Amino acid sequence: MTELWTPDHGAAAERTRLAWRRTVLSASVVGLLAARPAFHPDAGPREWVTAALSALGWTVLVALAYRRARGLGRRPPHPGRRTIAAYALTTIALAVLASSVVML
Amino acid sequence: MTKSASCGPAILTEPVDNRWVFGALRLWIDPEKTPTVGRTPDYRFSLANERTFLAWIRTGLALIAGGLGVAQFLPPLPVPHLREIMAIVLLVLGGLVALRAVDHWARTERAMRLGQELPGSRFPAVLAVAVALGAVALIVAVLIQAAG
C-alpha cells in the first residue's frame, strides 16, 4: 500500500484540506458572533461565561481542523474517523449553547 | 445514488449494532472498528465522503450564525418573542444538520467498506422545503408590515 503510492492526481487530499480551512472560517464567524455580547457596555458574568465557552468551542474546532489538515499530508492519507464525530458534536454543543442563551 | 434502497434507519436494522444502546454513537466515533467490517475503500472515496460531511457542517454553521445574527441584530418584532423563536428555529436546525451530517458520513463510510449501496436520504429535500417555507413566511410578514 505504501510502496505503491502514486501521485495525488485528483488532488483529493488538497481539496479536503481546503474544505477543512473553509470550515474553520465558518466556525470563526460563529465564534465571533457568539462572543460579541461580552463586549457590550452592559455585559455581565452571563455574557462573559457564554463568550468563554464559545471561545473554547471555537478553539476545539480550529485545533481539530488544523490537526486533520496536517494528517492529510501523509501518503497515502488516512480516512478521518474520530475527528469527524468530535467536530460534529462540538458544532452541536455550540448550537445548544447559543439556544440556551437566547431562551434564558 | 438511488433513494429507494436504504432510506430507513440502517443502524437499527443491522443486528450487529442492535446490541449497543449507543450503537449509532459507536458507529460515528469509529465506523471502521465497530466492528471491523469489509475492506478499506480507495482513500479518494473516503476523502470525498469527508468533504461532503464538511459541506454539511458548513451549512449547519451558517444556520447557527444566522440564528445568532437574528438574535443580536434584529429589532424587536411586533409579534412578541417572534425574534427569539426565529433564532431558536435557526439554531436548532443548525444543530440538526450537524447531527445528521455525522450520521450520514458514518453510514456512508460503512456502506463503502461493505461494498453496499450508499445510503440515500430525504434530508436535503426536507431542509430545502423548510428553508423555502421560512422564506415565504418572512415575505408574507414583510408585506403585512409594509401594508399596515
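Listed by number, the DSSP H helices of chain A that run 20 Å or longer by alpha-carbon position along their axis and have mean Kyte hydropathy of at least 0.5 are A:12-35, A:82-103.
Among the residues of B:69-79, the average count of other protein chain beta-carbon atoms within 10 Å of the residue beta-carbon is 2. Placing a pseudo-label 7 Å from each Cα along the Cα-to-Cβ vector at B:L25 and B:L143 gives an inter-label distance of 4.8 nm. Summing charges over all other residues whose Cβ lies under 13 Å from the Cβ of B:L91, with Lys and Arg as +1 and Asp and Glu as -1, gives 0.
The relative contact order of chain A, computed from alpha carbon pairs under 8 Å that lie at least 6 residues apart in sequence, is 32 percent.
One chain, two ends: A:E14 and A:R74. Fully extended at 0.36 nm per residue, the span grows by 20.5 nm beyond their Cα-Cα distance. Across the range B:49-143, Cα pairs under 8 Å and at least six residues apart give a relative contact order of 30 percent.
Chain A contacts chain B over a buried accessible area of about 3300 Å², both sides summed; the probe is 1.4 Å and only protein chains count.
Mean per-residue shielding of peptide A:9-22 is 4, counting Cβ atoms of other chains within 10 Å of each Cβ. Calculated FRET efficiency, B:L74 to A:S28, Cβ-Cβ distance, R0 = 22 Å: about 0.50 to the nearest 0.05. What is the sum of charges, Lys and Arg at +1 and Asp and Glu at -1, for the other residues whose Cβ falls under 15 Å from the Cβ of A:S100? Taking every other residue near A:S100 into account, the sum is -1. Full extension of the chain between B:L82 and B:R122 yields a length gain of 11.5 nm, computed as 0.36 nm times the residue separation minus the alpha carbon distance.
Calculated translational diffusion coefficient of the range A:12-103 (37 °C, 0.692 mPa s; Stokes-Einstein with Kirkwood radius over alpha-carbon pairs) equals 231 µm²/s.
Annotation: per residue accessible area for the range A:12-103 equals 52 Å², rounded to a whole number [probe 1.4 Å, protein chains only]. Peptide B:96-102 is shielded by partner chain Cβ atoms: per residue, an average of 5 of them sit within 10 Å of its Cβ.
Between the range B:59-90 and the range A:24-58, the C-alpha centres lie 16 angstrom from each other.
With chain A treated as a Gaussian network of Cα nodes joined by springs under 10 Å, which of A:L61, A:L53, A:L33 yields the largest mean-square fluctuation? Maximum among the listed residues: A:L33.
The values are calculated or read from the model by the stated rules, or taken from the named source; none is laboratory data. Computed from a prediction, not measured in an experiment: that's the story for all the values here. Cβ: placed from backbone, ideal geometry, glycine included. Neighbour counts: every protein chain shown. The area values use the complete protein model at the heavy-atom level, side chains included, leaving out ligands, DNA and RNA. Shrake-Rupley method; radii C 1.70, N 1.55, O 1.52, S 1.80 Å.
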